[in-house]
Amino acid sequence: MSGAQETEAGVGPGQGPAGGLVVENLRVAVGEVEDEVLVARVADRLGLAPDAVAAARVVHRALDARRKRDIHWSVHAAVDLRDAAAARRALEGGKARRPEARVKEPLDAAVLDGVAPTRQADAPPLRAPPVVVGSGPGGLFAAWLLAREGYAPLVLERGPGVERRVRVVNAFDHGGPHDPECNILYGEGGAGTFSDGKLTCRVRTPLVGLVHELLIAAKAPEEIRITAKPHVGTDRLRAVLVYLRRELERLGARLRFDARVDDLLLDGDGAVRGLRLASGEELPASAVVWATGHSARDTYAMLRARGVAMEFKPFQLGLRIEHPQDLIDRAQYGALAGRLPVAEYALNDRREHVFSFCMCPGGTIMASVSEAEHLCSNGMSRRKRDSGKANSGLVYTVDGRLTPHGGRDPLDGVALQRRYERRAFELGGGTYAMPAQRAQDFLRGRASKGPLASTYPRALAPADLREVLPPEAGRAIQRALALFDRLIPGYAGADALLVGPEARGSSPVRVPRDERSRVSTSTPGLYPVGEGAGYAGGIMSAAVDGLRSAAALAQAWAPAG
């Protein structure tokens with residue numbers, strides 16, 4: 001999805017005599033200042049004198065680097081013209097268009113315009129405020145909508161608030177112990193707190209623009225409104241979470257940290273009646289937004305034991321590759337390397353079902369660990385993306401054929417993840433040293449010998465990474481690497497290092513739900529949301545999913561009291 005689509009809802013009508021237009025794909029050279037050339041570019045496109053343009057502002061910006069000798073910025077502008085007839089000619093000639101809200105989903109309209117309850121007159125009210133389990137993007141934005149609508153939701157997070165969470169993760173990175181309840185995956189903000197902070201999204205909805213505005217209000221960078229590939233950075237996200245927490249509390253939500261949910265309490269008809277925490281405390285609830293993320297494996301097991309419908313979902317498993325950032329910059333930008341933002345890439349070998357994932361320019365490699373004595377890799381970037389290294393997942397799509405029970409068991413994918421994460425821990429000598437291998441050695445089928453260097457903060461363990469992959473996945477990644485090395489010279493060269501496994505790129509489980517009500521197909525009152533339920537694949541898509549499910553909940557129930 002392009003940045004123009006992501007920010008379209010925020011363009012709005014113009015204020016000039018001719019109303020608002022959008023003029024797309026204006027060319028701005030590298031080094032030019034947009035504010036100084038934008039009106040001239042608009043006037044030239046529309047065949048007008050510059051003084052015929054009352055106002056112009058950027059609503060979308062993307063770097064076009066498809067041709068190394070012709071790299072430039074492509075800009076969309078919101079434009080006001082002084083003359084209505086000129087605006088009409090621009091529209092009729094296809095040189096401009098009107099801004100479009102693109103509200104296609106009824107739930108999206110409910111989120112943007114306010115929720116009108118649709119419950120039956122004889123339906124019982126909520127016995128207690130709705131509960132949101134999990135404080136990742138799906139849970140937080142669901143809670144925001146419910147709070148805005150007056151439902152005073154309770155948010156339960158098994159891990160701590162972000163302030164303590166950062167201290168514990170930093171201690172682990174410096175050789176400290178693993179905390180099963182406070183780590184890179186558990187705690188305020190979910191897994192996204194330790195990520196690149198990308199806000200790209202393939203979902204076509206103005207809710208993306210709404211999420212951007214809410215994040216900006218919480219001190220995210222204002223440029224996310226217009227950037228084609230918005231990026232916040234893990235360091236900036238941590239501050240955003242604190243502001244977002246305060247806004248939720250101002251709206252009437254309550255947040256409880258260190259509050260792991262250990263049981264889902266059901267009534268005689270199989271509907272939700274409450275939750276039991278690890279402390280033994282029981283909380284009444286007849287509507288629960290379940291947004292626990294894709295790594296709450298103990299929660300998956302509990303839901304299955306309670307009879308909640310679940311199914312295996314194909315997921316991604318592979319390795320992570322790291323390069324010097326200047327190698328990627330030169331490959332993508334040629335002579336302009338060093339004059340542009342650090343370069344990204346997206347690679348896909350459709351024959352082998354292997355693609356790059358979660359590419360982190362200027363980033364670092366980290367351990368994505370939720371369970372003791374297991375190990376897997378991931379990547380993150382700070383706001384400045386200035387580590388000097390680029391890393392990305394190289395993942396293979398695993399279907400049921402590779403799992404212990406052929407995908408017939410809903411937790412088959414979890415079992416496969418655990419198998420290879422446990423082997424990685426063993427290869428690292430039981431110290432959370434990350435198994436690593438030079439890309440050239442991986443291609444030649446031989447284990448690497450040390451010393452090896454990486455941005456991973458703990459030690460590296462030279463290994464043969466085929467041991468942390470299903471054989472079919474290992475062979476596919478080996479063949480894809482050879483292709484990617486032709487597309488980006490040096491991609492599998494002497495400076496390329498692989499680590500792994502990369503096992504947490506997507507959920508291996510889906511919790512089926514009714515498309516209209518968004519309620520679990522088996523358990524009335526349960527609203528499965530986000531990545532952990534199998535309905536999202538990143539910060540933005542999870543946030544949008546949370547908003548939509550919260551809108552459905554608000555339509556179906558009246559506030560308590």
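The values are calculated or read from the model by the stated rules, or taken from the named source; none is laboratory data. Everything quoted here is computed from the prediction, not taken from an experiment. Every residue, glycine as well, gets a Cβ built from its backbone with ideal geometry; the counts of neighbours run over all protein chains shown.
Residues in the range 77-103 that are assigned to a loop (DSSP other than H, G, I, E, B) and within 38 Å of the chain's Cα centre (by Cα): 9 in all.
Every condition in (1) surrounded by 14 or more Cβ atoms within 10 Å (Cβ to Cβ); (2) closer than 30 Å to A331 by Cβ; (3) within 27 Å of the chain's Cα centre (by Cα) is met by H72 except one, and the failing one is (3). For the range 135-168, the set of residues classified as under 15 Å from E531 (Cβ atoms), in contact with a strand residue (DSSP E or B) (Cβ under 7 Å, 6 or more places away or on another chain) and assigned to a loop (DSSP other than H, G, I, E, B) consists of S135 only.
Determine if the range 406-425 includes at least one residue that is of a type in the set (A, V, I, L, M), surrounded by 19 or more Cβ atoms within 10 Å (Cβ to Cβ), modelled with pLDDT of 95 or more and in contact with a strand residue (DSSP E or B) (Cβ under 6 Å, 6 or more places away or on another chain).
Within the range 406-425, one or more residues are of a type in the set (A, V, I, L, M), surrounded by 19 or more Cβ atoms within 10 Å (Cβ to Cβ), modelled with pLDDT of 95 or more and in contact with a strand residue (DSSP E or B) (Cβ under 6 Å, 6 or more places away or on another chain).
Q440 falls short of the stated requirement of being touching a residue at least 12 places away in the same chain (Cβ under 8 Å), within 24 Å of the chain's Cα centre (by Cα), part of a helix (DSSP H, G or I) and not assigned by TED's automatic domain parsing to the domain that holds R260. Listed by first and then second residue, the pairs linking a residue in the range 243-265 that is closer than 19 Å to A152 by Cα to a residue that is part of a loop (DSSP other than H, G, I, E, B), with Cβ atoms under 6 Å apart and 6 or more places separating them unless they lie on different chains, are Y243/A218; Y243/K219; L244/A218; G252/A152; A253/P153; F257/E157; F257/P160; F257/G161. When the residues of the range 511-561 are filtered to those that are over 14 Å from the mean Cα position of the chain (by Cα) and of a type in the set (D, E, K, R), the one that is surrounded by the fewest Cβ atoms within 10 Å (Cβ to Cβ) is E515.
Can you work out which of the residues in the range 69-96 that are charged (D, E, K, R) and touching a helix residue (DSSP H, G or I) at 6+ places or on another chain (Cβ under 7 Å) is nearest to T205 (Cα to Cα)? Can you show your working first?
As a first pass, look at the range 69-96 and keep what is charged (D, E, K, R): 69-70, 80, 82-83, 88-89, 92, 95.
Narrowing further to those that are touching a helix residue (DSSP H, G or I) at 6+ places or on another chain (Cβ under 7 Å): 82-83, 95.
On the way: R82: 31, D83: 31, K95: 24 Å.
Out of the qualifying residues, it is K95.
Within the range 442-462, being closer than 20 Å to T364 by Cα, in contact with a helix residue (DSSP H, G or I) (Cβ under 8 Å, 6 or more places away or on another chain) and small (G, A, S) holds for one residue alone: A461.
One residue is enough: does the range 202-215 have a residue meeting the conditions touching a helix residue (DSSP H, G or I) at 6+ places or on another chain (Cβ under 6 Å) and among the hydroxyl-bearing types (S, T, Y)? So far as the range 202-215 goes, yes, one or more of its residues are touching a helix residue (DSSP H, G or I) at 6+ places or on another chain (Cβ under 6 Å) and among the hydroxyl-bearing types (S, T, Y).
Of the candidates L498, L547, the single residue that is aliphatic (A, V, I, L, M) and assigned to a strand (DSSP E or B) is L498.
For the range 267-320, taking the residues that are of a type in the set (D, E, K, R) and part of a strand (DSSP E or B), the one that is farthest from S507 (Cα to Cα) is identified as E282. The residues of the range 169-205 that are out of contact with any strand residue (DSSP E or B) (no Cβ under 9 Å at 6 or more places or on another chain) and among the basic types (K, R), listed by number, are R202, R204. Could you tell me whether the range 357-371 includes any residue that is among the hydrophobic types (A, V, I, L, M, F, W, C), over 22 Å from N183 (Cβ atoms) and assigned by TED's automatic domain parsing to the domain that holds V468? Yes.
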